[in-house]
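Structure, as structure tokens:
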Amino acid sequence: MSANIYIEDLLGELSSEFVLWDYNDDLNSQYLKFTKEPLNDFKILADKTIENINEVIDQKAKWGKGYEGLLQYLCLKMICEKLKDD
């Protein structure tokens, strides 16, 4: 994902100690690498760490668990960050 997406708050909240985060060689993108599935409740995490979440999704949205929830979170995070830029 873009290096402009702030994910340090996510890293601080992840329940998985098996995550590697770094920038790619181009320094324009970053990545997360997991060796174990995260166990977080991504709805709670999103409410806590994404400022404009209520402008994008309904509070009743269904959240997945594990990698599915992480992908939902990351997609939502990227959308919300992009909307803040506009």
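Computed from the coordinates by the stated procedures, all read-outs in this text should not be read as laboratory data. Only a predicted model underlies this, so the values are computations on that prediction, with no experimental measurement involved. Cβ: placed from backbone, ideal geometry, glycine included. Neighbour counts: every protein chain shown.
Computed values, structure above
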item: Residue that is nearest to Phe18 (Cα to Cα), among those in segment 39-65 that are out of contact with any helix residue (DSSP H, G or I) (no Cβ under 6 Å at 6 or more places or on another chain) and surrounded by 15 or more Cβ atoms within 10 Å (Cβ to Cβ); result: Asn40
item: Of all residues in segment 66-86 being surrounded by 12 or more Cβ atoms within 10 Å (Cβ to Cβ) and in contact with a Phe, Trp or Tyr (Cβ under 8 Å, 6 or more places away or on another chain), the one that is nearest to Ser2 (Cα to Cα); result: Glu81
